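Accompanying notes for the structure given below.
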Number of protein chains: 2
Amino acid sequence: MADDKALTTRKGDFSAWYNEVVQRAELADYSPVRGSMVIRPWGYAIWERMQRALDDMFKATGHQNAYFPLLIPKSFIEREKEHVKGFAPEVAVVTHAGGKELEEPLVIRPTSETIIYAMFAKWVQSYRDLPLLINQWANVVRWEMRTRLFLRTAEFLWQEGHTAHKDEAEAEEETIRMLGVYREFMEQWMCMPVITGRKSDSERFAGAVRTYSCEALMQDNKALQAGTSHMLGQNFAKQFDLKFQTEAGGEDYAYNTSWGVSTRLVGALVMTHGDDNGIVLPPWLAPTQVVIVPIYRSDEERALVLAKADAVAARLKQDQVRVHIDSRDTMKPGAKYYEWERKGVPMRVEIGPRDVANSKLAVVMRTEVPGIQRKEIMDEGAALNGIRQRLEDYQNALRQAALDRRESNSHRGITDYAKLRELVESESGFIFAGWCGSAECEAKVKEDTKATIRNLPQEEFRSKENPAKCVVCGQDAKHEAIWARAY
Amino acid sequence: MADDKALTTRKGDFSAWYNEVVQRAELADYSPVRGSMVIRPWGYAIWERMQRALDDMFKATGHQNAYFPLLIPKSFIEREKEHVKGFAPEVAVVTHAGGKELEEPLVIRPTSETIIYAMFAKWVQSYRDLPLLINQWANVVRWEMRTRLFLRTAEFLWQEGHTAHKDEAEAEEETIRMLGVYREFMEQWMCMPVITGRKSDSERFAGAVRTYSCEALMQDNKALQAGTSHMLGQNFAKQFDLKFQTEAGGEDYAYNTSWGVSTRLVGALVMTHGDDNGIVLPPWLAPTQVVIVPIYRSDEERALVLAKADAVAARLKQDQVRVHIDSRDTMKPGAKYYEWERKGVPMRVEIGPRDVANSKLAVVMRTEVPGIQRKEIMDEGAALNGIRQRLEDYQNALRQAALDRRESNSHRGITDYAKLRELVESESGFIFAGWCGSAECEAKVKEDTKATIRNLPQEEFRSKENPAKCVVCGQDAKHEAIWARAY
């Protein structure tokens, strides 16, 4: 793809825009292996920053990392009945290894409940060993038929938390706590507002008692499930004999939770903030926060300008700003601007010979966002003192803009089924409406409109007035639900 | 395994000691999957610290992380002839996925040269795109027949660096640079001295032009290959059409390098420093550097002592010391000492009511090491001010002790074949002797003694006088070689 060709616009074809922008920002590339992608350095550096932030949050809530085998005996996956129904159709199976056919085939983990709880059973004897709070950073494989870079790939990177508790109340508390950790990460770091809530039974994780999700609204008004947290009850503990001696001296099966987010979040970031010039990165997650572009015509000017660039970079590094000087000789400044815009770097500082003479810096933010001046020529001292704060302001402004967009594409109090259909069909975003709780009504909406119940929102996201009736059948509503078409 | 049972001693059975200590220090555990292990939180935390240090060093030398697919088309592995010979016998093969038989089987990566250089071929057009300096943190699978925790497992975690260069000289320079990075990491961080050098042709990586290694000597006087760096020439570039336009306007194949270290390093750490009480961790890699054990009899004493422990911990954290207070009520101090010794924590601080009253702290190092006082009752102020330095001194002392052990188990100037056999058979460590360079002499030693040429050491490790004759055949020596039995 030629570098100087304009991107497809979001309005023109959101899906084509997404595929192009992911490749042209060098986040990822297609690989010769069906459904698998290559995460390129720029995309991986974003993922590394996500990992670091999440990992710190997991550790702050008492979790420890460990690592479990990639290959799981087929019989393990088959033990929990719901689990096998959900995952068996999409596993990749190793039948031969070391030049021989295996006695029992091994599946590549699509998720690790089975192998992890089998190990927990070895380690947990007594209530004193609980809670056991483990996280794993790993790759998993799910043989999906239709794949998209980051959003749905045969192999993806993720973290999966797995915990064991003495009773259901503690497990439920953990499930909700980690849902909250995800929400905080997505809102604070990614500047991506999410609605947290419980999934309907039909969308529950295979093997869970209850599944909760974070749902975000992309710029095409489709929902994206950005993270899930599951209360597994004793379903797996019973299959893997994960028992413990209770404080009272009896014996009980442990209660498990599991929770995960994946490289899908990189795709979510792109579709939340990107524009027709490329991706837009929140400063907290940007591998480079400030790129300095020197402008010069002669060798003399070059030396002058680069010396200033070095001084500016050194000063910013002191403030823990991640800064890069683009000193490539083979490219003009305009081409550099274009490249770093495409890659979403939050701030560009331009330095030319006149700026050096006048002690000025030209500071340009990646994108127009309410409350932040996009371009400004500043006194060098004021600029240097203010850059860190400006990045913080920009982070906050991106968050607010995304929240405003989500809110202006949310529709509450929908009581009329025809109206719901109309909203879904015109791709209008999140639709809040009453639901009687029946699988039939849920299925009817899906069949009629392709919209699904994203979740049953937690209290703070619910409308002021509880819906009285199910928007589909008119019976009494049991829940307020959010409907939308989804990735 | 009962927690209070003494470990097998190193002298009694080094191999049994190793297996026990790895499990009882909770570094790793056997899994239900043949040849695969579970890395437990304590072991994984050590690996995380290794990763962080290495990753910083890779980035400081200009490398970027990326991620490539786990599954590689079988035909890719088969393209480079030496490569397939080396790896085909031990690959795990996916034949079915998504409920169907695959048209082309996929192998789980045993190493990623093939898939990575196939991608490089897409990204590299011109000399301006070179050098391309990439690293990947990943899991790989090699179906080994005899496995040991950390040292040889069917699945292991590692990093693999892959680079592309415009000519052989630059590739060779990179190969040697990364060998040096490994050496620095192993010596400085792990306190494990290594001898760097070139592998003989028979021990070369499958597909490489030249392989270099870091060789360490374990406490049982067996050698352990701790890291390798390969100059691949154009072998893979030619198979994967990794071409570029040269500065002169011509076309050439790129020159590649690859280099890797793995979770095997955790095993190396255990066998370098461990003793009959457990593992011994260098402070730079210890997840916890200081454990505070409060000593009390009554609730009143408990409150007093824990308040002091909190204050001490807060002060140490200010100094970036990783400190943990073991406040478990269900265990006596002696049992805690025993547990943290087994887990290798460098320093223990004991605080009892009398210590609080007298403003004293009892400071105890994990192990006796020349130059460091093992146990000392110190004034609190002096202790707090000195703990960071004491940890540094202990790191240096462990490094020196390991070097002294390596040196006292190295035998130079061996010219007599009978003497070499005698040294090998009495497990005497590294044996330096002349080698004519012939595969026959190399094979004869292996057959007679099971010792192999570990490497042909780099200049600074060579003996002052070049050996004149091959220790095996008496012909003129081409190299000085190091022989040893190895893991």
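The values are calculated or read from the model by the stated rules, or taken from the named source; none is laboratory data. Quick caveat, the model's predicted, so the values are computed rather than measured. Virtual Cβ from ideal backbone geometry, glycine too; neighbours counted across all protein chains shown. Accessible surface is based on the protein model in full, side chains and every heavy atom, while ligands, DNA and RNA are left aside. Shrake-Rupley method; radii C 1.70, N 1.55, O 1.52, S 1.80 Å.
Scanning for something within 23 Å of A:Thr163 (Cα to Cα) and touching a residue at least 24 places away in the same chain (Cβ under 8 Å), does the stretch A:90-106 turn up at least one residue? Let's see the steps before the verdict.
Our first condition is that a residue be within 23 Å of A:Thr163 (Cα to Cα); within the stretch A:90-106, this holds for none.
No: zero hits.
On inspection, B:Met178 does not qualify as modelled with pLDDT of 95 or more and out of contact with any strand residue (DSSP E or B) (no Cβ under 7 Å at 6 or more places or on another chain).
Checking each residue of the stretch A:172-187 against the condition of being β-branched (Val, Ile, Thr), in contact with a Pro (Cβ under 9 Å, 6 or more places away or on another chain) and open to solvent by less than 50 Å² (accessible area, probe 1.4 Å) gives no match.
A single entry from A:Arg388, A:Arg399, A:Arg412 fulfils the requirement of being charged (D, E, K, R) and farther than 23 Å from A:Leu281 by Cα: A:Arg412. Name, by its number, the condition in (1) open to solvent by 20 Å² or more (accessible area, probe 1.4 Å); (2) at the interface with another protein chain (Cβ under 10 Å from one of its Cβ atoms); (3) in a helix (DSSP H, G or I); (4) not aromatic (Phe, Trp, Tyr) that does not hold for B:Pro32. Exception for B:Pro32: condition (3).
For (1) among the small types (Gly, Ala, Ser); (2) touching a helix residue (DSSP H, G or I) at 6+ places or on another chain (Cβ under 6 Å), each residue gets a yes or a no:
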site: A:Glu20; (1), (2): no, no
site: A:Ala28; (1), (2): yes, yes
site: A:Ser31; (1), (2): yes, no
site: A:Arg40; (1), (2): no, no
site: A:Arg52; (1), (2): no, no
site: A:Asp55; (1), (2): no, no
site: A:Arg79; (1), (2): no, yes
site: A:Lys85; (1), (2): no, no
site: A:Val94; (1), (2): no, no
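Name the single residue that is farthest from B:Leu285 (Cα to Cα) among those in the stretch B:184-196 being in contact (Cβ under 8 Å) with a residue 60 or more places away in the chain and assigned to a loop (DSSP other than H, G, I, E, B). Result: B:Pro193. For the stretch B:36-124, the helices (runs of 4 or more DSSP H) that sit wholly inside it and include 3 or more residues that are at the interface with another protein chain (Cβ under 8 Å from one of its Cβ atoms) and surrounded by fewer than 22 Cβ atoms within 10 Å (Cβ to Cβ) are B:41-60.
In the stretch A:336-354, is there at least one residue being open to solvent by less than 30 Å² (accessible area, probe 1.4 Å), more than 29 Å from A:Ala28 (Cβ to Cβ), among the hydrophobic types (A, V, I, L, M, F, W, C) and modelled with pLDDT of 95 or more? Yes, the stretch A:336-354 contains at least one residue that is open to solvent by less than 30 Å² (accessible area, probe 1.4 Å), more than 29 Å from A:Ala28 (Cβ to Cβ), among the hydrophobic types (A, V, I, L, M, F, W, C) and modelled with pLDDT of 95 or more.
Note on the stretch B:256-315: residues that are closer than 22 Å to B:Leu149 by Cα, among the polar types (S, T, N, Q) and more than 15 Å from the chain's Cα centre (by Cα) total 1. Please go through the stretch A:149-171 and pick out each residue that is away from chain B (no Cβ under 11 Å) and either under 17 Å from A:Ser31 (Cα atoms) or in a strand (DSSP E or B) (or both). Selection gives A:Leu149, A:Phe150, A:Leu151, A:Arg152, A:Trp158, A:Gln159, A:Glu160, A:Gly161, A:His162, A:Thr163, A:Ala164, A:His165.
Is it the case that some residue within the stretch A:197-213 is in contact with a Ser or Thr (Cβ under 8 Å, 6 or more places away or on another chain), hydrophobic (A, V, I, L, M, F, W, C), open to solvent by 10 Å² or more (accessible area, probe 1.4 Å) and not in a strand (DSSP E or B)? Checked the stretch A:197-213: at least one residue is in contact with a Ser or Thr (Cβ under 8 Å, 6 or more places away or on another chain), hydrophobic (A, V, I, L, M, F, W, C), open to solvent by 10 Å² or more (accessible area, probe 1.4 Å) and not in a strand (DSSP E or B). Is it fair to say A:Ser438 is farther than 15 Å from A:Pro193 by Cβ and either in contact with a strand residue (DSSP E or B) (Cβ under 6 Å, 6 or more places away or on another chain) or in contact (Cβ under 8 Å) with a residue 40 or more places away in the chain (or both)? No.
Being over 28 Å from A:Trp42 (Cα atoms) and within 19 Å of the chain's Cα centre (by Cα) is the filter here, so list the residues in the stretch B:132-143 that pass it. Step through it out loud before you land on a result.
Residues of the stretch B:132-143 over 28 Å from A:Trp42 (Cα atoms): B:142-143.
B:Arg142, the sole residue that qualifies.
Which one is nearest to B:Thr111 (Cα to Cα) among residues in the stretch B:139-148 that are surrounded by 20 or more Cβ atoms within 10 Å (Cβ to Cβ) and within 8 Å of another protein chain (Cβ to nearest Cβ)? If we take residues in the stretch B:139-148 being surrounded by 20 or more Cβ atoms within 10 Å (Cβ to Cβ) and within 8 Å of another protein chain (Cβ to nearest Cβ), then B:Val141 is nearest to B:Thr111 (Cα to Cα).
In the stretch A:412-419 there is no residue that is closer than 30 Å to A:Phe150 by Cβ and free of Cβ contacts under 8 Å to residues at least 40 places away in the same chain.
Counted as qualifying within the stretch A:226-334 are the strands (runs of 3 or more DSSP E) with 1 or more residues that are open to solvent by less than 10 Å² (accessible area, probe 1.4 Å) and without any contact (Cβ under 8 Å) to a residue 60 or more places away in the chain, namely A:290-294.
Taken over the stretch A:126-135, the residue count meeting the criterion of being in a strand (DSSP E or B) and at the interface with chain B (Cβ under 9 Å from one of its Cβ atoms) is 1. Tell me whether the stretch A:115-131 contains one or more residues that are under 22 Å from the mean Cα position of the chain (by Cα), within 24 Å of B:Glu48 (Cα to Cα) and in contact (Cβ under 8 Å) with a residue 24 or more places away in the chain. Taking every residue of the stretch A:115-131 in turn, none turns out to be under 22 Å from the mean Cα position of the chain (by Cα), within 24 Å of B:Glu48 (Cα to Cα) and in contact (Cβ under 8 Å) with a residue 24 or more places away in the chain.
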